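Novice: Sending over a structure as structure tokens; questions will come in a sec.
Since every read-out is calculated from the coordinates, none of them should be taken as a lab result. As the structure is a prediction and not an experimental result, all values here were calculated from the model. Because the Cβ atoms are built from the backbone with ideal geometry, glycine has one as well, and the counts that use them run over all protein chains shown.
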Amino acid sequence: MRRRLLMTWRVGLIILVLELAIYTLIGYLNLGNHNLVWETFNENAYTIADVDSKIPYAQNINRHARQVGINAQVIASLIQAESSFQPRAQSTAGAYGLMQITPGTWQQINQESKVCVGRHPGECSLECYYNEELNISIGTLYLSQLLNKYQGNMVLALAAYNAGPGAVDKYGGIPPYEETITYTKRVIDNWYELSHYPLPSSIFSLTQWENVHKLIGWCFIATILGLLWVARGLYRYHHSWRWG
């Protein structure tokens with residue numbers, strides 16, 4: 001039994017070192033993959049390309065995307081991440097509709113663009129927020145403003161759409177918020193899927209790379225726990241931490 005435990009201990013140490021090496025390698029590959037995927041995404045964000053007619057609200061998405069010179073597939077990818085194309089979606093943060101726009105942002109964009117002028121008396125209401133065409137129009141105009149603010153960097157514009165431009169300005173890039181990081185990856189993954197654009201030098205999407213990295217990390221933790229169990233058994237045999 002003692003010999004078996006010692007053998008398990010040595011094999012476990014080898015596995016631990018290998019897992020650490022793989023985890024580090026995957027981390028570097030993941031970072032490089034992010035840069036390639038984001039660069040390709042940014043380069044194509046302004047390419048005029050309509051979404052397929054099978055996509056919900058395709059006509060409205062294509063029209064408003066063309067008006068501001070944004071790839072319609074980006075707008076559709078954002079809507080998919082924000083509301084899953086549910087026009088009456090409402091978040092706990094008080095955002096409404098297909099593109100999950102807050103009343104404050106809606107009022108700001110509406111005052112500048114006059115989207116709702118002549119449609120109803122007084123202030124905009126929930127019926128405005130839930131109106132598919134109005135929501136897509138306001139949301140697309142807002143994303144266009146963010147793109148101009150960040151000099152055409154669509155990744156930063158998406159991060160600002162989720163976390164607010166103040167957070168992006170504060171950190172000088174994507175804020176270190178788990179929700180914003182996950183959101184940005186999801187929109188970009190959606191875009192690659194909708195556009196059928198090949199992932200550059202990679203067989204995995206951003207989310208898949210992240211999942212592989214996390215899986216190796218959990219294996220690393222499991223190996224450490226296994227080694228602790230073996231060490232406990234060896235200590236019982238020797239009544240000491242010297243096992244020679």
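Novice: Which residues' amide hydrogens lie under 5 Å from the amide hydrogen of I101, considering only partners 5 or more residues apart or on another chain, with H built in the peptide plane?
Specialist: Placed amide hydrogens put Y96 under 5 Å from I101.
Novice: Applying 1/(1 + (r/R0)^6) with R0 = 22 Å to the Cβ-Cβ distance of A21 and L228, what FRET efficiency is obtained, to the nearest 0.05?
Specialist: On the way: r = 21 Å, r/R0 = 0.94.
Computed FRET efficiency for A21 and L228: 0.60.
Novice: Still on this structure, please answer the following. Beyond 17 Å, how much of the Cα-Cα pair distribution for region 40-103 remains, as a whole percent? Write down the numbers at each step before the final one.
Specialist: Working: 857 of 2016 pairs.
Percentage above 17 Å: 43.
Novice: Once the dipole of the chain is set up with Lys and Arg at +1 and Asp and Glu at -1 on Cβ about the Cα centre, which of L143, Q208, Q90 lies farthest towards its positive end?
Specialist: Q208
Novice: Which is the longest run of the chain containing none of the trypsin sites (Lys or Arg not before Pro) found in DSSP loop states (not H, G, I, E, B) with at most 16 other C-beta atoms within 10 Å?
Specialist: With trypsin sites (Lys or Arg not before Pro) excluded where exposed in loops, the chain gives 120-241 as its longest stretch.
Novice: Charges only on Cβ, +1 for Lys and Arg, -1 for Asp and Glu: so what's the dipole of region 47-200 about the Cα centre, in debye to the nearest 20? Don't skip to the end; give the middle numbers.
Specialist: Numbers: 10 positive and 13 negative charges, 42 e Å.
The calculated dipole for region 47-200 is roughly 200 debye.
Novice: Calculated from DSSP H runs of 4 or more alone, at -39500 (n - 2.57) each and per residue, what is the 222 nm mean residue ellipticity of the chain, nearest 500? Display every interim value, and only then the final one.
Specialist: Working: 10 runs with 168 residues, N = 244.
Result for the chain: -23000 deg cm²/dmol, rounded to the nearest 500.
Novice: Ratio of Rg to Rh for the chain, alpha carbon only, Kirkwood? Could you put the intermediate results ahead of the total?
Specialist: Values: Rg = 24.8 Å, Rh = 20.8 Å.
Here Rg/Rh amounts to 1.19.
Novice: Have a look at Y197, Y161, Y96 and tell me which one the Gaussian network model of the chain (Cα, springs below 10 Å) gives the largest fluctuation.
Specialist: Y197
Novice: Give the angle, between 0 and 90 degrees and rounded to the nearest 10, that separates the Cα long axis of helix 58-68 from the longest principal axis of the Cα atoms of the chain.
Specialist: 80 degrees
Novice: Once the other residues with Cβ under 12 Å from the Cβ of P87 are scored (Lys, Arg +1; Asp, Glu -1), what is the net sum?
Specialist: Working: positive: R88; negative: E82, E127, E132, E133.
Neighbour charge sum, excluding P87 itself: -3.
Novice: Let me ask something additional. Which value, in debye to the nearest 20, gives the size of the charge dipole of region 29-138 about its Cα centre, when Lys and Arg are +1 and Asp and Glu are -1 at the Cβ? Write out the running numbers ahead of the final one.
Specialist: Working: 6 positive and 10 negative charges, 37 e Å.
Taking the Cα centre of region 29-138 as origin, the dipole is about 180 debye.
Novice: Put +1 on the Cβ of every Lys and Arg and -1 on every Asp and Glu Cβ in region 47-200; which of N131, P176, A81 then has its Cα farthest towards the positive end of the dipole?
Specialist: Farthest along the dipole direction, towards plus: N131.
Novice: Still on this structure, please answer the following. Taking the Cα centre of the chain as the origin and placing charges on Cβ (Lys, Arg +1; Asp, Glu -1), which of I26, Y46, A72 is farthest toward the positive end of the dipole?
Specialist: The Cα lying farthest towards the positive end belongs to I26.
Novice: Using θ = phi - 60° and the Karplus form 6.51 cos²θ - 1.76 cosθ + 1.60, what ³J(HN,Hα) does each residue of region 148-155 get, whole Hz, x for Gly and Pro?
Specialist: 5, 4, 9, 6, x, 7, 5, 4
Novice: Compute the distance in nm between two label points, each set 7 Å from the Cα along the Cα-to-Cβ direction, one at E178 and one at L6.
Specialist: Going from the E178 label point to the L6 one covers 4.4 nm.
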